[in-house]
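Heads up, the thing below is written out as structure tokens.
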RNA sequence: GCCUAAGUGGCGGAAUAGGUAGACGCACAGGACUUAAAAUCCUGCGGGUGUUAAAACCCGUGCCGGUUCAAGUCCGGCCUUAGGCACCA
């Protein structure tokens, strides 16, 4: 039989025996292994998918053999712009394109022998699934967590859609790379910012890798500071937020955001209205990126006629407009202390403004003396009335206390994370189940009427004015108000593709439930996701959205834990042989189908496990892949060495027990490459024997099975054992993992001068005797006095001489 | 600029608690088998001094310092690369 036939044979066996299908009421302990479900793109499975699916498959298969009821599910995240773009280009319904792609993906996964429970498969585009996505949106709405707001949003003129801040990172559209513009639009929002503190705290109840946690923390972006009220001369006031209250005596002007609310209030009192309005208009045209780039020169203008009072000294201070202040962040106004903030410093230079140094320790004529330099170095205040002479740290506390006591300020936490813009002007997404009635306003659809299906239409191009394609389908849009029964209109925006992926891992726990999104019993049985693997690029946003979604469901009593994901790990990319990201245009794409055809699925799986540090990017190497093929061939040939022996040969016993221990450990600690190398070492050792026993061969096959499931099943059957997928993982005996003898290094004054063979745990006295008999060691001891003899049992000897 | 991760042979990488640096694999070189090739097997493989061959010695984990009997690993200061964030107040 050739490789492909063997692979087919066992894939069929697993299918017909329902080997990987799991029940929710099993008495075995549950174990839930999850990989990010893919977006089924037209280009098929990427070798990068193979890397992480194989790694998690190895965990799943090993855990099964160890007696767990392992849930390893797969599904499809199929809403979103690429499918819609593809459909528009090829004049087919996105649904058809998606179905086609799913078929390809699924076949490729089957060809690789991944042990998914296919009975739980679903796509986010299935009405039976998005019914519950819509239902959950209604819960957000009913718990006052969803609202509509007219806001300045990121608008991509090319994709004709609104983007979240996250999607528009860097001021360019994530999808098409076009510059993002600002546009006023009415959008559905989810109150994610109100969960900032909970999302931060929740991290303590997870086992995420440290860098993943840090990613979350950075996105949430908590900063502690003081919000200070500022009176405007002639009436009115505004607030500023600062993290550097110690520099308050250094204020020489205020700057407010041109896109904020405050300027609208102040405008009637401004004397240079024309200049100000012109500047506001200019700002609107700039995307965040342009705003960043163009403002090297610190643009802005003074609000003539407006003066504000310094909160403590009550001196009159000028107020400026500047687009480096963002309307949406903090209070949309800042105190400017040019001597202690480089950005303020540059603005002051550009507009010829006064400066006042209030912290001693550096000359501030040419640049500001900033907090990263003056904090924690004992710097003291100057020019600060009664606070002069205090250290910066003391002043921070005392100034805050004074302002708070006088009712002028509040200690607040500020978060970068904002509410989630939840509307998209697209066709290919979950319709938002809301109805607008002239009399009743926004009314949620009745839950019993869900799902609100996407209409089957021929035309799904977005309109030029930014309305969703759904707006054109009048018989879908026109409906009646669920409250008063009068004619009303449906919301035509759809949900972002982050929506469906925010809770899919819950659905896998109870994929066919038509009464609820997943039953509490099912979720309690599976408990939570034990392993969640995905790309680093999703560890910030997707994970944050998913955690927010789950925490909300928890707060309304619908899921058993506030955090439903325990361990999150991320894998490195598989790069082209030239060390660059694989892409069609670079011509460095490796297609897994070709590799399977030529070398077999097991070779591909072993190679991708072995190729390098799992968390780091690795370039593809076909030469290295061939080495893995050689390894598998070697394992196959080893069968011919089986002789008339039974049990483990004495001298192999420690290696076998060590190998079990190491493969087991490495498989659960991202050490897939060292697990494979351990198996190579074991294989080499067996090969060096005249003959081996069936038991020895069987243990090798069992250990290799999670990585190379087809060939190991086949060889295992040939030597007369029951299928490995129904067998147990071997147990190692800790006592037997220890070698009887060991060779350790001998150093003199910390330099390696020889080695010595010792018995494990040999007494120092006898080791000492051996060591002093080594000729080369004697050379170094001659005529010297031994000051100290260091023996670290089973590790090293170091002799210190004088 | 800030945050995070990383920097080890020709290459991918290993070293799980500070204890013989370079496991395992690739590439390469030499040899065996073969009419030949492929496959397979054996040997070598960080740099250098040295030797008939060994032995032995010196240098070596981005750079400079430090702690320690002992540092790829810990500490301080730099440099470089990748990813993320960024006029964030």
Seminar exercise, completed: Within region A:563-588, restricting to residues that are surrounded by fewer than 17 Cβ atoms within 10 Å (Cβ to Cβ) and part of a loop (DSSP other than H, G, I, E, B), the one that is farthest from RNA strand B (Cβ to nearest atom) is A:587
Problem set entry | Failed condition for residue A:231, given (1) within 14 Å of RNA strand B (Cβ to nearest atom); (2) in a strand (DSSP E or B) | (1)
Seminar exercise, completed: Scanning region A:241-284 for residues that are within 36 Å of the chain's Cα centre (by Cα) and part of a helix (DSSP H, G or I), the one farthest from residue A:321 (Cα to Cα) turns out to be A:245
Exercise. Taking residue A:731, is it loosely packed, with under 13 Cβ neighbours inside 10 Å, more than 8 Å from RNA strand B (Cβ to nearest atom) and touching a residue at least 12 places away in the same chain (Cβ under 8 Å)?
Worked result: yes
Exercise. Going through region A:591-637 one residue at a time, which ones are closer than 22 Å to residue A:109 by Cβ and outside any helix (DSSP H, G or I)?
Worked result: A:591, A:600, A:611, A:614, A:618, A:620
Problem set entry | Filtered residues of region A:192-226 (kept if within 30 Å of residue A:405 (Cα to Cα), surrounded by 17 or more Cβ atoms within 10 Å (Cβ to Cβ) and near RNA strand B (Cβ under 10 Å from one of its atoms)) | A:225, A:226
Exercise. Based on what the data block shows, is residue A:604 over 25 Å from the mean Cα position of the chain (by Cα) and within 19 Å of residue A:675 (Cβ to Cβ)?
Worked result: yes
Exercise. For region A:391-404, does any single residue satisfy the condition of being in contact (Cβ under 8 Å) with a residue 40 or more places away in the chain, crowded, with 18+ Cβ neighbours inside 10 Å, closer than 18 Å to residue A:242 by Cα and more than 41 Å from the chain's Cα centre (by Cα)?
Worked result: no
For this session: Could you grab me the full set of residues in region A:399-425 that are away from RNA strand B (no atom under 13 Å from the Cβ) and under 30 Å from residue A:490 (Cβ atoms)?
Result: A:419, A:420, A:421, A:422, A:423, A:424, A:425
Seminar exercise, completed: Contact list, first residue from region A:613-635 and under 17 Å from residue A:578 (Cβ atoms), second anywhere and at pLDDT below 95 and near RNA strand B (Cβ under 6 Å from one of its atoms), beta-carbon distance below 6 Å, six or more apart or interchain, is A:618/A:611; A:618/A:612
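Does residue A:720 satisfy the criteria of being surrounded by fewer than 17 Cβ atoms within 10 Å (Cβ to Cβ), within 14 Å of RNA strand B (Cβ to nearest atom) and either farther than 30 Å from residue A:22 by Cβ or without any contact (Cβ under 8 Å) to a residue 60 or more places away in the chain (or both)?
Values: surrounded by fewer than 17 Cβ atoms within 10 Å (Cβ to Cβ): yes; within 14 Å of RNA strand B (Cβ to nearest atom): no; either farther than 30 Å from residue A:22 by Cβ or without any contact (Cβ under 8 Å) to a residue 60 or more places away in the chain (or both): yes.
Against the criterion (surrounded by fewer than 17 Cβ atoms within 10 Å (Cβ to Cβ), within 14 Å of RNA strand B (Cβ to nearest atom) and either farther than 30 Å from residue A:22 by Cβ or without any contact (Cβ under 8 Å) to a residue 60 or more places away in the chain (or both)), residue A:720 does not qualify.
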Problem set entry | Within region A:744-770, tally of residues that are without any contact (Cβ under 8 Å) to a residue 24 or more places away in the chain and assigned to a strand (DSSP E or B) | 6
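Matching residues to (1) more than 15 Å from residue A:238 (Cβ to Cβ); (2) part of a strand (DSSP E or B); (3) within 36 Å of the chain's Cα centre (by Cα); (4) near RNA strand B (Cβ under 8 Å from one of its atoms):
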position: A:307; (1), (2), (3), (4): no, yes, no, no
position: A:312; (1), (2), (3), (4): yes, no, no, no
position: A:318; (1), (2), (3), (4): no, yes, no, no
position: A:325; (1), (2), (3), (4): no, no, yes, yes
position: A:331; (1), (2), (3), (4): no, no, yes, yes
position: A:334; (1), (2), (3), (4): no, yes, yes, yes
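The values are calculated or read from the model by the stated rules, or taken from the named source; none is laboratory data. What you see is a predicted model, and the numbers here were worked out from it, not measured in a lab. All Cβ positions, even for glycine, are placed from backbone atoms using ideal geometry, and neighbour counts span all protein chains on display.
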